Every structure is written in structure tokens, then in C-alpha cells.
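One structure is given below, encoded as C-alpha cells.
None of the figures in this text is laboratory data; all of them are computed from the coordinates on show. Remember, predicted model here, so these are calculated numbers, not experimental data. Note: ideal-geometry Cβ built from the backbone for every residue, glycine included; neighbour counts use all protein chains shown.
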């Protein structure tokens with residue numbers, strides 16, 4: 001088997017009075033899109049900065065592309081898009097990108113060729129306007145995000161690390177970047193990205209890790225995570241607004257553990273050992289006018305909310321004990 005793109009082993013990072021990352025271990029395979037998911041303050045960005053050797057872990061080790069991340073040249077094959085804007089606002093866009101390329105050892109002529117290609121690809125260089133000649137300060141927030149994205153890609157990295165890459169982008173531009181991420185994966189690149197946007201993670205990721213309070217809660221392929229942690233669920237949609245009899249059936253805890261409803265649509269978690277066919281029969285007997293009754297897997301969003309919420313509640317209970 002090829003060496004993983006990133007190997008994190010029992011990593012701990014402490015700050016004064018606070019442990020940001022607690023014994024984290026992750027294996028990120030090459031050629032995959034891997035998401036680190038968590039709420040604000042979960043330790044996502046701290047983990048990324050340790051992978052990039054910006055800060056050192058207090059305990060544990062990290063390998064990147066087969067070598068220790070603090071080895072000479074280890075990070076040269078990595079591209080990084082930080083969550084914070086890091087562009088020189090008064091510089092011309094093309095000069096900023098050329099500077100970033102030169103930092104990675106790319107000559108000026110080749111850098112300009114790549115810059116023009118990416119500007120065109122992202123709609124920043126057209127027959128009417130070349131935003132490469134504008135100052136960074138003249139660009140919208142979304143345009144600046146695309147420029148930083150280009151800067152992370154100019155040296156054709158083997159590993160691309162993206163921290164909240166779709167923040168501040170409208171749906172069209174977010175989709176453009178997502179399409180590029182998919183293309184990069186198909187070409188054999190490894191993409192590691194941090195986000196709290198579950199929809200993007202579900203569409204893009206092969207595997208995910210959910211962390212909260214600096215600790216790993218869930219780690220694995222998306223399909224396996226949904227199967228193992230989502231419970232057995234039923235999507236129920238009613239064709240009318242009559243819910244009296246339905247409410248009685250859904251209150252039976254031998255059949256149903258939890259229910260979330262939105263008007264005529266119900267997300268139902270079956271009770272342990274409950275028979276979905278028995279639930280359907282009881283609903284029909286109640287007089288429900290059923291438009292849809294479907295066994296379904298939980299979304300990453302629901303798993304995230306339930307697991308992170310439970311972890312936060314346990315942490316509060318421990319703090320109050």
C-alpha cells in the first residue's frame with residue numbers, strides 16, 4: 001500500500017489554560033478528499049497549522065507525503081488556502097501571485113503562464129477585463145478568495161489543504177471551486193479541508209473526521225459513517241395536513257426513538273429492533289395519507305449535530321460536576 005498523504009499520531013496541543021487538540025490520530029490516504037469537520041473552536045485550524053509545521057505539537061508526530069512534516073522541503077509539495085485573507089492588499093493581483101509562485105521555485109515566465117490560465121478558468125481574465133492588473137483592494141471578497149485559491153495551486157501541489165474554502169463565496173463561485181476540487185482528486189491529488197459546512201463535505205469528501213473540543217468523535221469513509229452513526233431512519237411525507245392519528249403512532253416509543261418534522265415531512269429514527277413495515281402498517285391504519293415512506297440514511301448534518309451536541313453536553317456536565 002502507498003504511504004498515506006498525512007499521518008497524525010497522538011497529537012496534543014496545549015495553550016495556557018486550554019488544550020486545543022487532545023490525542024488526535026488520523027490517517028489521510030493519497031488521492032482522497034478528506035474533511036475535518038467541527039464547530040468553531042473545535043481544533044480544526046490548530047490541527048492544520050501543526051500539519052503545515054506552522055506550530056509544533058506538544059506531543060505526537062506528523063508525517064506529510066511520507067516524511068516528517070518538519071523535514072527540509074516537506075511542505076514544498078503542499079498547497080495551503082488559509083481561512084484568513086492573507087493577500088497584500090495594495091499590490092497588483094498578478095504581482096502577488098507571481099511572488100507566491102517564486103516562493104515555490106517557479107520561474108517568472110512559467111508563473112505568468114499558470115497565472116493567466118487560472119485567472120481565465122476562474123473568470124477573472126476575460127476579453128472585457130483582466131483582474132490580474134487590478135489591486136487586491138479593488139477585488140470583492142469572493143474574488144480575493146479565488147485569488148488565494150489560485151495562489152495555493154500555482155506550484156501544482158501533491159497535497160492541497162483548504163481551511164473553510166467556500167466561506168464568503170456565492171453559490172455559483174462555490175460550485176466552481178468544488179468542481180476544481182473534484183478534478184484535482186481525479187488527477188490523483190490529495191485534498192484535506194476543514195469546514196463546518198456539512199453540505200459541501202457530504203458532496204465532496206471520501207472520508208471525514210468530526211472533532212469537538214479538540215477530540216475525535218468520528219472518523220471514516222462517509223458511507224460508513226452514515227451507516228454506523230446515523231441509526232435506522234425513515235423519511236415520511238404526508239399528502240395532506242392531517243396529523244392527528246400520525247402523531248399518536250409516532251409517539252409510540254416501541255416503534256420510534258426520535259422524530260423531527262417540518263410541516264408534512266418527518267425524519268423518523270426507528271426504535272431499536274422496531275420493524276419499519278409495522279410502522280407503515282400502523283400509519284396506514286391511522287388514516288394517514290402517505291405520499292412517501294422511505295428507508296433513508298442520516299445526513300452528515302444530522303450526525304454532526306447529534307454527536308457534537310452530545311459531546312458538548314457531556315463536557316458541560318463534567319465541568320459542573
From the C-alpha gyration tensor of the stretch 6-227, pull out the three semi-axes of the equivalent ellipsoid (sqrt of 5λ each), sorted largest to smallest, in whole Å. 30, 19, 17
With no solvent term and unit scatterers on the alpha-carbon positions of the stretch 1-79, Debye gives log₁₀ I(q)/I(0) at q = 0.17, 0.18, 0.27 Å⁻¹ of -0.65, -0.73, -1.46
Approximate spin-label separation residue 110-residue 289, in nm, with each point projected 7 Å along Cα-to-Cβ: 6.8
Residues in the stretch 213-255 near a label at residue 10, defined as backbone nitrogen under 18 Å from the 7 Å Cα→Cβ point? 215-216
Hey, rough spin-label estimate for residue 18 and residue 102, points 7 angstrom out along Cα→Cβ, what's it come to in nanometres? 3.8
Helix 108-121 vs. the chain, principal-axis angle (Cα, 0 to 90°, nearest 10): 30
Quick check: residue separation of residue 61 and residue 261 times 0.36 nm, minus the Cα distance between them. What number comes out in nm? 67.4 nm
Spacing of the two label points (7 Å from each Cα toward its C-beta) at residue 120 and residue 179, in nm: 1.6
Apply 1/(1 + (r/R0)^6) to the Cβ-Cβ distance of residue 85 and residue 223, taking R0 = 45 Å, and write down the FRET efficiency to the nearest 0.05. 0.80
Cα axis of helix 300-320 to longest principal axis of the chain: angle in degrees, 0 to 90, nearest 10? 90
Restricting to DSSP H runs of at least four residues, report the calculated mean residue ellipticity at 222 nm for the chain, -39500 (n - 2.57) per run over all residues, nearest 500 deg cm²/dmol. -11000 deg cm²/dmol
How big is the gap, in Å, between the Cα center of the stretch 42-106 and the Cα center of the stretch 1-31? 16
Which order do peptides 48-56, 284-292 fall in by mean Cβ count within 10 Å, highest first? 48-56, 284-292
Kirkwood Rh in Å, taken over all unlike Cα pairs in the stretch 149-205: 11.7
Shape parameters for the stretch 231-296, alpha-carbon atoms, Rg then Dmax in Å: 10.4, 29
Pulled fully out, how much extra length does the chain show between residue 186 and residue 307, if you take 0.36 nm times their separation in residues and subtract their Cα-Cα distance? 40.4 nm
